[in-house]
Structures are given as structure tokens and as C-alpha cells.
Amino acid sequence: MNHLERLEARSVHILREAYGAFDHLAMLWSIGKDSTVLLWLARKAFFGHVPFPLVHIDTSFKIPEMIAYRDRLAAEWDLTLIYGQNVEALDAGQTFPGGAVDRLTCCKLLKTDALKRTLSGEGPRFRFDRTERQYRLDTDIQPYTGVIVGVRADEEGSRSKERYFSPRSETHVWDIAEQPPEFWNQYKTDFAPGTHVRIHPLLDWTELNVWEYIERERIPVVDLYFDRGDGTRYRSLGCGPCTKPVMSTARTPADIVVELRSGHLSHVAERAGRAQDLDDGGGLETLRRDGYM
């Protein structure tokens, strides 16, 4: 068994452990490469069927190709897809740019707060009708007690502090100092009532591993990750106004694998194009402590 096969086996094991441990389980799908690999692994773990809903937080500022890809895959793979949104903040114009708030406040409102309210059932959920390819208000408001997330430890500093099974408070606040130890592939899955748990099956994967796996499995990812003729591509995807591409001529997963192995991007952080990571005030770690992915 090679390294990629070992990573796959561990991720599948964690997915099955999560499914057995949590009655109300969901998976976050950002539409990016990591969460799409996670979705692929879930289909493998459960023999082609994903037995829990996928949740996407739609800020209304995502790049249009991302939303088109999301809905196409949901229909083709017969997925239970739900999106959540902070409708009140959008209606009040509490957005960046062009709105009444700064970038991090916009992220908190449209991502963190929307995510927490969607997971708790306090905010609206919109469920994808695969037949009509339309979204309808979901009547199921049961809170999700376990949430699977495509977090990787190597992607960003605060994510390296995670566990495979990471408890949060009832309000989704993350106390980094209160994480359970995980030794010898033993995971704590029994938590006190009211605990919200994030599950991270990709924690030990690297960016290179993800692209090697995409190439090996021929996983369809949104084509924003590839050079479409202008010598640039996106390395990390987020909201359109706050995400920038990198210089790269890679047009296939194989090209990206070669590029990453070459060290060409070793001096550029994977999320360097994500503006919220660069803002003063703690950036992504501040958002994550409060409940963001």
C-alpha cells in the first residue's frame, strides 16, 4: 500500500466512524478541490451513495462557475444538497466591497454567522430539487451535531491545530486548548450532549496529495483551477471579490502535480490569493475560533 492509498484508507475509516457516531451528520462542501476530494471519498466509503446532506454556504459572491459546477454535480451524483445564506445581512447591504462593512466583518456575517445558523437550524436552509434543478426552502430544521469538513493541516496555520474529531461549544466556538488527544489512530467520538463536533478526514493530506489523488481518480473539479489561456489559475477558491489567481500555465491535474513537485510555488502560500487571510486582526484564525471552517 503506497502513501496515497494509506491516506485514502484512513479518510474512509474516519468517515465511517463519524457516520456511526453521530445521528445528525452533514458534510460541508465549499466546491473547492479539498471538499470535492472529500465528497469523492464519501462516495467510496458508502459504495457510491452519500448518506448525509452536503451543506454549502452561499455568500452570493461566489464565482459563477462554482455555482454552476455545484448544481451540475448535485444532479449528476444524486446528492442531497442544501445551501444556507445570511439573507438579513445581504438585504441590509452588510457586504464588502460596496457595502457598509469591512472585509472581515463581511466574512463573519456571510460565512461564519451563516454557517452557524445553517448548522443549528436557526437560519433558512434551501434544499436542491434534483428533478427540477431548483432550490426550495427546507422544512427540516434539525441541528447537525457532527459536521465533516475538508480541512488540511498544511493549508494554513490555525488548521494545523485541529484534531480529526474536534469539539466545539454549543455556539460553535473553538477552544484550541481543549482538544482531545488522538494517539495511535484512536479517536474520541463520545462527547457531552450539546457538543458540536467538526470531523476532518483530510487532516494529514497535503496540497500535493490532493492533486495526486484528483489525477489518479480522475475527479471532476471546477476548471477555475486550471489555466484557461491567460497564464493564470486559481489555487484556492472563495468569494470572487476577495480571491485572486496565481501565475501558472498548468492546464490539467497532472500539470499541477508537476508544478507542485518542482517547488515553483513553494515561496507562495496556498491561500495567498485569499484576502481575508491577510487582513489585520487575526484573519482566518479569528474567524475559525468563532465557528468558521
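The values are calculated or read from the model by the stated rules, or taken from the named source; none is laboratory data. Since the structure is predicted, the reported quantities are computational estimates derived from the model, not experimental observations. FYI the Cβ positions are ideal-geometry reconstructions off the backbone, even for glycines, and counts take in every protein chain you see.
Listing for the model above:
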| item | result |
| --- | --- |
| Of residues in region 139-153 being in a loop (DSSP other than H, G, I, E, B) and of a type outside the set (Val, Ile, Thr), the one farthest from TRP77 (Cα to Cα) | ALA153 |
| In region 239-262, residue farthest from MET66 (Cα to Cα) [restricted to those that are of a type in the set (D, E, K, R) and buried (at least 16 other Cβ atoms within 10 Å of the Cβ)] | GLU259 |
| Condition check for LEU265: surrounded by fewer than 19 Cβ atoms within 10 Å (Cβ to Cβ) and at pLDDT below 95 | yes |
| Spans of helices (runs of 4 or more DSSP H) in region 1-96 with at least 1 residues aromatic (Phe, Trp, Tyr) and either free of Cβ contacts under 8 Å to residues at least 24 places away in the same chain or touching a strand residue (DSSP E or B) at 6+ places or on another chain (Cβ under 8 Å) (or both) | 3-21 |
| Selection count, region 15-42, where residues are basic (Lys, Arg) and under 25 Å from PHE191 (Cβ atoms) | 1 |
| Selection count, region 127-166, where residues are in contact with a Gly (Cβ under 9 Å, 6 or more places away or on another chain) and surrounded by fewer than 18 Cβ atoms within 10 Å (Cβ to Cβ) | 4 |
| Sole exception among (1) touching a residue at least 12 places away in the same chain (Cβ under 8 Å); (2) surrounded by fewer than 17 Cβ atoms within 10 Å (Cβ to Cβ) for SER236, by number | (2) |
| Residue check, ALA114 crowded, with 22+ Cβ neighbours inside 10 Å, out of contact with any Lys or Arg (no Cβ under 8 Å at 6 or more places or on another chain) and closer than 25 Å to CYS242 by Cα | yes |
| Qualifying residues in region 201-212 (those that are buried (at least 18 other Cβ atoms within 10 Å of the Cβ) and of a type in the set (A, V, I, L, M, F, W, C)) - the one modelled with the lowest pLDDT | LEU203 |
| Region 20-76 - residue that is aromatic (Phe, Trp, Tyr) and over 22 Å from VAL87 (Cα atoms) and, of those, nearest to the chain's Cα centre (by Cα) | TRP40 |
| Pair list, Cβ under 6 Å, 6 or more apart: region 213-231 residue modelled with pLDDT of 95 or more, other residue among the aromatic types (Phe, Trp, Tyr) | ILE219/TRP40; VAL222/TYR69; LEU224/TYR234; TYR225/TYR234 |
| Flag if LEU81 is within 15 Å of the chain's Cα centre (by Cα), of a type in the set (A, V, I, L, M, F, W, C) and closer than 19 Å to LEU203 by Cα | no |
| Residue count for region 167-200, restricted to those that are surrounded by fewer than 13 Cβ atoms within 10 Å (Cβ to Cβ), in a loop (DSSP other than H, G, I, E, B), among the charged types (D, E, K, R) and at pLDDT below 80 | 2 |
| Residue check for TYR135: aromatic (Phe, Trp, Tyr), modelled with pLDDT of 90 or more and touching an Asp or Glu at 6+ places or on another chain (Cβ under 9 Å) | yes |
| Among (1) touching a Cys at 6+ places or on another chain (Cβ under 9 Å); (2) modelled with pLDDT of 95 or more; (3) of a type in the set (Phe, Trp, Tyr), the one test that TYR292 misses | (2) |
| Members of region 126-138 that are touching a residue at least 40 places away in the same chain (Cβ under 8 Å) and either in contact with a helix residue (DSSP H, G or I) (Cβ under 6 Å, 6 or more places away or on another chain) or not in a strand (DSSP E or B) (or both) | PHE128, ARG130, ARG133, ASP138 |
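Matching residues to (1) crowded, with 19+ Cβ neighbours inside 10 Å; (2) modelled with pLDDT of 95 or more; (3) of a type in the set (Gly, Ala, Ser); (4) under 25 Å from PRO143 (Cα atoms):
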| residue | (1), (2), (3), (4) |
| --- | --- |
| ILE31 | yes, yes, no, yes |
| PHE46 | no, yes, no, yes |
| LEU81 | yes, yes, no, yes |
| THR95 | yes, no, no, no |
